[in-house]
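**Q** The structure under discussion is supplied below as structure tokens; questions concerning it will follow.
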Amino acid sequence: MNFILSNLAFIILPFVYMTIVFIGKYIEKHEWTFLLLALSLSLASYFIGGQFLEWTVFSGQFSFALFLLVILAGIFNKDNFIRSVIDPVRGDLALYGFIYLLPHFLSNLDKALSGFNTTGILAFVLMLPLIITSLKVLRYKMKPSSWVMMHKLSYLAYAVIYLHTGFDVWLNPLQIYFKMNSWPVHLITLIYIVLKVRIMIVNRTQLKLQN
């Protein structure tokens, strides 16, 4: 049971993806409506509580599922069907992931400040400018080159999220423990790195051939 609860994001992920398949166009069209709905549900979850919300929202697993979709979309070609579903709402998914992360962040803030898994605070801080500039109203006001440069920070955020989900980190004194139930996180990270490097090599090879 502990293994399932520790990796609930991987079970939630396909359900979120199928939801996007059906209502993605509405999410894209009514961005602010869905953002306000997500914020309302997130805050309500924090104050209501309950076992189901402990497993999904307070644990951070629901947010992690949303972030996984954002991250893993990058290993597919732009004309791939899976990515074509995610790309139009990729920024929205990142925003929802951050919003639904609030109960997890607030409920564990005291532990993080005491030195346990402070990687969560670091990930939160790194994601903040990325999330803010994911809002379409702000993105369109930025120069494309500036936006792309800022969002290269996402790879650092991904690395910290990996540390946070795959390891228990104590700061006083510094100790790092492998989370035994988190091997799916390590496996998916390895697959992501291999496929991402492969895509980069293929793209560079094609660019050289074109020149």
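The values are calculated or read from the model by the stated rules, or taken from the named source; none is laboratory data. Keep in mind it's a predicted model, so treat the numbers as computed, not measured. As a convention, Cβ positions derive from the backbone with ideal geometry for all residues, glycine included, and neighbour counts pool all protein chains shown.
Here's the yes/no breakdown for (1) under 20 Å from I71 (Cβ atoms); (2) hydrophobic (A, V, I, L, M, F, W, C):
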{"site": "L109", "(1), (2)": "no, yes"}
{"site": "F116", "(1), (2)": "no, yes"}
{"site": "A123", "(1), (2)": "yes, yes"}
{"site": "I132", "(1), (2)": "yes, yes"}
{"site": "L138", "(1), (2)": "no, yes"}
{"site": "S145", "(1), (2)": "no, no"}
{"site": "M150", "(1), (2)": "yes, yes"}
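**Q** Still on this model: In this structure, does Y162 turn out to be under 21 Å from F64 (Cα atoms), of a type outside the set (A, V, I, L, M, F, W, C) and touching a strand residue (DSSP E or B) at 6+ places or on another chain (Cβ under 8 Å)?
**A** No.
**Q** On the basis of being surrounded by 13 or more Cβ atoms within 10 Å (Cβ to Cβ) and under 23 Å from K196 (Cβ atoms), does F81 make the cut? Don't jump to the end; show me each part of the working.
**A** Numbers: surrounded by 13 or more Cβ atoms within 10 Å (Cβ to Cβ): no; under 23 Å from K196 (Cβ atoms): yes.
Here the answer is no, as F81 does not meet what is asked.
**Q** Name the residue that is nearest to the chain's Cα centre (by Cα), counting only residues in segment 133-154 that are surrounded by 13 or more Cβ atoms within 10 Å (Cβ to Cβ) and closer than 24 Å to F105 by Cα.
**A** S154
**Q** Condition first: assigned to a helix (DSSP H, G or I) and surrounded by 13 or more Cβ atoms within 10 Å (Cβ to Cβ). Now tell me which residues in segment 107-119 satisfy that. Outline the logic, then answer.
**A** So the first thing to find is which residues in segment 107-119 are assigned to a helix (DSSP H, G or I), and the list is 107-113, 119.
Listed by number, the residues that qualify are S107, N108, L109, A112, T119.
**Q** Out of (1) among the hydrophobic types (A, V, I, L, M, F, W, C); (2) within 20 Å of K136 (Cα to Cα); (3) in contact (Cβ under 8 Å) with a residue 60 or more places away in the chain, what's the single condition that is false for L36?
**A** (3)
**Q** Mind listing just one residue for me: the one in segment 168-192 that is under 17 Å from the mean Cα position of the chain (by Cα) and surrounded by 13 or more Cβ atoms within 10 Å (Cβ to Cβ) and, of those, farthest from L72 (Cα to Cα)? Give the steps one after another, and end with the answer.
**A** We begin by selecting, within segment 168-192, every residue under 17 Å from the mean Cα position of the chain (by Cα); these are 182, 184-192.
Okay, now just the ones that are also surrounded by 13 or more Cβ atoms within 10 Å (Cβ to Cβ), so 182, 184-186, 188-189, 192.
Details: S182: 18, P184: 14, V185: 12, H186: 14, I188: 9, T189: 9, Y192: 7 Å.
The qualifying residue farthest from L72 (Cα to Cα) is S182.
**Q** Can you name the number of the only condition in (1) at pLDDT 90 or above; (2) crowded, with 19+ Cβ neighbours inside 10 Å that G91 fails?
**A** Exception for G91: condition (1).
**Q** Need pairs with beta-carbon distance below 8 Å; first residue under 22 Å from I11 (Cα atoms) and within segment 176-205, second surrounded by 11 or more Cβ atoms within 10 Å (Cβ to Cβ) and basic (K, R); sequence gap 6+ or separate chains.
**A** Here the result reads V185/K179, each pair linking segment 176-205 to a residue that is surrounded by 11 or more Cβ atoms within 10 Å (Cβ to Cβ) and basic (K, R).
One line per residue, one yes/no per condition, for (1) within 29 Å of M200 (Cα to Cα); (2) not in a helix (DSSP H, G or I):
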| residue | (1), (2) |
| --- | --- |
| K78 | yes, yes |
| D87 | yes, no |
| R90 | yes, no |
| Y96 | yes, no |
| F105 | no, no |
| I121 | no, no |
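**Q** Right, here's the next one. Take segment 5-51 and flag every residue that is of a type in the set (V, I, T) and within 19 Å of the chain's Cα centre (by Cα).
**A** From segment 5-51, those of a type in the set (V, I, T) are 11-12, 16, 19-21, 23, 27, 33, 48; that's our starting set.
The answer is I11, I12, V16, T19, I20, V21, I27.
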